[in-house]
Amino acid sequence: MSEETHPSTHPPLPPTTEDDLASWLRLLRSRRVGPATFHRLMSEHGSAEAALDALPGVARDAGVEDYEICPVGVIEAELRAGKAAGARLMSCLDADYPPFLKQISDAPPLLWYIGTPDILRRPMIGLVGARNASSLGTRMAKSLATDLAAGGFVITSGLARGVDTAAHLASLEGGTVAVMAGGVDVIYPVENTRLAHQIAETGVRLSEHPIGLIPQARHFPSRNRLISGMAQAVVVVEAAAKSGSLITARNALDQGREVMAVPGHPFDARASGCNMLIRDGAHLVRNAADIIDALPEVRHPEVQPDLPLDVPQTTSPTRSLRETAALHEQILRRLGPSPLAEDQLIRDLSAPARFVAPVLLDLELDGRITRQAGGLLSLAR
């Protein structure tokens, strides 16, 4: 997958000052503006300031009359809190931004991080699994992480109990990345506080969420997409048939990453998810060599040069009210509670993407559709 696959994930101009970063953050923290909507607004308006100016009008056109953008005071408070926590803000155009993460359609425009960011440019393997991992599961996670780290790979995981903890501990010396479901300063679970501080010394803790945010159940799926998005491959060590690790594996498939799994005994519920993945085509993993051998030849995406400042602004295509209403109806009729890929929706509609994208934004701001990780769309509940 090349960077050109998702050109909308890269805003046309990089933030060059603290004020620029603050504007990016203000746009991103505004109501109903997630990563995909952020990138679309930046593509259409050219800068965060212009997008912020246009946002109330966009919302009003979508039928939202009381829309207010994120107050400046909220952003100032978050920036102060980040500084107090020893965290720094990284944009998706920074040199240290994970190159593979930049490829996904809903790449976070901004990441808070604590630690040594240069390791984010190194090749990564996502290693995830059960929180209630067995003794064999944790031993396997430690063995894989140790050998992969010795082979030059950075291990990325979610700082959860069980497999995640074992993977981080075994790869501390070489540097490991912990992706947080809440604020980068909020350690969860609490018993991993010491581990979290150790990770920050040689690796990185990072999060797309505001400083101080307490992790909630709904934050973990979006956290999982970052683990898979940064990695060349995701390895599942132990996972039940319905678990967060399988969400990470599905994200990896959607993102074009390799999915691998360690097999387990059929009678062990903690191995059922891994066995299902192998049955469905995931690479079977016995040791680190199996992982390395299954990796495709890696070509790191090159950082694109900044565009010249005089690039003409793109304008939204003109549509009549009748055409817009008809497209609204077609989209809502084709979507349901089950997620559908945006690319597939556009193909089903047989309409140019440049016409569909602004209508999707209208419906998203109106709260009628929901955008999920991996560029999936569904009707709002």
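The residues of the stretch 165-176 that are open to solvent by less than 10 Å² (accessible area, probe 1.4 Å) and either at pLDDT 95 or above or part of a helix (DSSP H, G or I) (or both), listed by number, are Ala166, Ala167, His168, Ser171, Thr176.
Condition check: open to solvent by 50 Å² or more (accessible area, probe 1.4 Å) and among the aromatic types (Phe, Trp, Tyr). Does Phe220 satisfy that? Answer is no for this residue. Here Ala149 qualifies as free of Cβ contacts under 8 Å to residues at least 40 places away in the same chain, within 18 Å of Arg121 (Cβ to Cβ) and surrounded by fewer than 24 Cβ atoms within 10 Å (Cβ to Cβ). For the stretch 177-295, the helices (runs of 4 or more DSSP H) that sit wholly inside it and include 2 or more residues that are over 30 Å from Ala84 (Cβ atoms) and either modelled with pLDDT of 95 or more or not hydroxyl-bearing (Ser, Thr, Tyr) (or both) are 244-254, 272-279, 288-294. Return a yes/no flag: does the stretch 91-104 have any residue that is at pLDDT below 95 and among the β-branched types (Val, Ile, Thr). Yes. Do we find that Arg32 is farther than 27 Å from Arg121 by Cα and under 23 Å from the mean Cα position of the chain (by Cα) in this structure? Spelling it out, Arg32 is indeed farther than 27 Å from Arg121 by Cα and under 23 Å from the mean Cα position of the chain (by Cα).
Within the stretch 356-375, the set of residues being at pLDDT below 75 and in a strand (DSSP E or B) is empty. Considering Ser43, Ser105, the condition of being in contact (Cβ under 8 Å) with a residue 60 or more places away in the chain and open to solvent by 40 Å² or more (accessible area, probe 1.4 Å) is satisfied by Ser43 alone.
Exactly one residue among Ala217, Ala233, Ala240 is touching a strand residue (DSSP E or B) at 6+ places or on another chain (Cβ under 9 Å) and not charged (D, E, K, R), and that residue is Ala233. Flag not set for Pro99, criterion: assigned to a loop (DSSP other than H, G, I, E, B) and open to solvent by less than 10 Å² (accessible area, probe 1.4 Å). The set of residues in the stretch 19-55 being of a type outside the set (D, E, K, R) and not in a helix (DSSP H, G or I) consists of Ser30, Val33, Gly34, Gly46, Ser47. Taking (1) surrounded by 22 or more Cβ atoms within 10 Å (Cβ to Cβ); (2) aliphatic (A, V, I, L, M); (3) not in a strand (DSSP E or B) in turn, Leu127 satisfies each apart from (3). Of all the listed residues (Val58, Val64), the sole one being outside any loop (DSSP other than H, G, I, E, B), open to solvent by less than 30 Å² (accessible area, probe 1.4 Å) and at pLDDT below 90 is Val58. Residues in the stretch 333-355 that are over 18 Å from Ser43 (Cβ atoms), assigned to a helix (DSSP H, G or I) and open to solvent by less than 40 Å² (accessible area, probe 1.4 Å): Leu345, Leu349. Quick one: is Gln330 surrounded by 12 or more Cβ atoms within 10 Å (Cβ to Cβ), of a type outside the set (D, E, K, R), farther than 21 Å from Ser245 by Cβ and at pLDDT 75 or above? When the stated conditions are applied, Gln330 passes them. Of all residues in the stretch 130-164, those satisfying the criterion of being on the phi < 0 side of the Ramachandran plot, among the hydrophobic types (A, V, I, L, M, F, W, C) and assigned to a loop (DSSP other than H, G, I, E, B) are Ala130, Ala133, Phe153, Ala160.
Among the criteria (1) at pLDDT 95 or above; (2) open to solvent by less than 30 Å² (accessible area, probe 1.4 Å), the one Glu76 does not fulfil is (2).
The values are calculated or read from the model by the stated rules, or taken from the named source; none is laboratory data. All of these numbers come straight from a predicted model, not from anything done at the bench. A quick note on method: Cβ atoms are made from the backbone with ideal geometry, for glycine too, and the neighbour counts reach across all protein chains shown. Quick note on the areas: whole protein, heavy atoms, side chains included, nothing else; ligands and nucleic acids left out. Shrake-Rupley method; radii C 1.70, N 1.55, O 1.52, S 1.80 Å.
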